[in-house]
Amino acid sequence: MYKIAAFITFNKKIEKNILSKKAKVKVKFGNQIYLNHPVHLTLFTISVKSINSLKKIYKNLGNEFIKKKFKININKTGAFLNDPLTKGHTLYYGIKKNNLLMKLQMKHLKLINKKMYVSKNLNLKINSKLKKNYKKYGFPFSGNIWIPHITIASIEGISEKNAFIKKFLKLKLNLSSEVDKIKFYRVNKDKHYFLFKTELI
């Protein structure tokens, strides 16, 4: 099985801002989970048997499927405290609610699941809503339960009341970026291998 991630990437201004925050985490806390990941918003991750089958789906997409590009706003900071996936506190930039982004996620998840086999074998202990989503789409954080975000890092071994976290959560943000493509990567642990992209016009 291959783990596939669908990413939305950002303009240079936002990328520079986030890389700066990652650098500050590294100076303060050393190497942490997600620190070396590329700057991105994860639209979804799935596990598939065939990368070629996935590529074929997007190579043969009809014009009626292609969506127009749109803008998203980054307007807050946040933290998944005691993140069950990392056992740390995951710091992120949050995205202002955007129905076009939500629809984009679901449209592509439905397309892929309709056209090819997506693994539904999950070992994590998750609630019934997440489990239902996973069994349907192969990705638990789909639809209204999804919290679109750009991860900075997940910091282990500190209190949620740590001064660095408190300061981060008070940051004011007002950044915007155009969503004009989805990039697909094969993920192997902390390594990301670019596969292809699909454009929004």
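Determine, yes or no, whether G62 is of a type in the set (G, A, S) and either surrounded by fewer than 11 Cβ atoms within 10 Å (Cβ to Cβ) or touching a strand residue (DSSP E or B) at 6+ places or on another chain (Cβ under 7 Å) (or both).
yes
Can you confirm whether segment 165-172 contains a residue that is within 22 Å of L104 (Cα to Cα) and among the charged types (D, E, K, R)?
no
Tell me, which residue of segment 80-94 that is of a type outside the set (D, E) and surrounded by fewer than 20 Cβ atoms within 10 Å (Cβ to Cβ) is nearest to G62 (Cα to Cα)?
Restricting to residues being of a type outside the set (D, E) and surrounded by fewer than 20 Cβ atoms within 10 Å (Cβ to Cβ), the top hit is G94.
Within segment 100-153, take every residue that is small (G, A, S) and closer than 23 Å to F65 by Cβ and give me the one that is surrounded by the fewest Cβ atoms within 10 Å (Cβ to Cβ).
Going through the qualifying residues, I end up with G143.
For S119, all conditions in the list (1) closer than 30 Å to Y58 by Cα; (2) under 14 Å from the mean Cα position of the chain (by Cα) hold save one; what is the number of the exception?
For S119, the exception is condition (2).
Would you check which residues across segment 101-123 are in contact (Cβ under 8 Å) with a residue 60 or more places away in the chain, touching a strand residue (DSSP E or B) at 6+ places or on another chain (Cβ under 9 Å) and not in a loop (DSSP other than H, G, I, E, B) and list them?
L101, L104, Q105, H108, L109, I112, V118
Condition first: under 19 Å from the mean Cα position of the chain (by Cα) and either at positive phi or of a type in the set (F, W, Y) (or both). Now tell me which residues in segment 14-37 satisfy that.
Passing the criteria: only Y34.
Residues F70, F44, F10, F29: which one is crowded, with 18+ Cβ neighbours inside 10 Å and over 26 Å from S119 (Cα atoms)?
F10
Take segment 85-100 and flag every residue that is among the β-branched types (V, I, T), touching a Ser or Thr at 6+ places or on another chain (Cβ under 8 Å) and in a strand (DSSP E or B).
T90 - this is the single residue of segment 85-100 that is among the β-branched types (V, I, T), touching a Ser or Thr at 6+ places or on another chain (Cβ under 8 Å) and in a strand (DSSP E or B).
Restricting to segment 179-190, and then to whatever is in contact with a Phe, Trp or Tyr (Cβ under 9 Å, 6 or more places away or on another chain) and either among the hydroxyl-bearing types (S, T, Y) or in a strand (DSSP E or B) (or both), can you tell me which residue is surrounded by the fewest Cβ atoms within 10 Å (Cβ to Cβ)?
Out of the qualifying residues, it is N188.
Identify all residues within segment 36-52 that are of a type in the set (V, I, T) and closer than 21 Å to L104 by Cβ; write none if there are none.
Listed by number, the residues that qualify are V39, T42, T45, I46, V48.
Can you tell me which condition I165 does not meet? The list is (1) among the aliphatic types (A, V, I, L, M); (2) under 19 Å from the mean Cα position of the chain (by Cα); (3) surrounded by 15 or more Cβ atoms within 10 Å (Cβ to Cβ), and all the others hold.
Just one mismatch for I165, condition (2).
Can you tell me which residue among L54, L81, L61, L109 is of a type in the set (A, V, I, L, M, F, W, C), at pLDDT below 95 and over 23 Å from L171 (Cβ atoms)?
Of L54, L81, L61, L109, the one residue that is of a type in the set (A, V, I, L, M, F, W, C), at pLDDT below 95 and over 23 Å from L171 (Cβ atoms) is L61.
Taking segment 171-196 as the search range and keeping residues that are in contact (Cβ under 8 Å) with a residue 40 or more places away in the chain and of a type in the set (D, E, K, R), which one is nearest to I46 (Cα to Cα)?
The selected residue is R186.
Here are some residues: N73, N82. Which one is over 24 Å from L35 (Cβ atoms), outside any helix (DSSP H, G or I) and either among the polar types (S, T, N, Q) or in contact (Cβ under 8 Å) with a residue 24 or more places away in the chain (or both)?
Within the list N73, N82, the selection yields N73.
The values are calculated or read from the model by the stated rules, or taken from the named source; none is laboratory data. Small disclaimer: the values here were computed from a predicted structure and weren't measured. Counting neighbours? That spans all protein chains shown, and the Cβs are built from the backbone with ideal geometry, glycine included.
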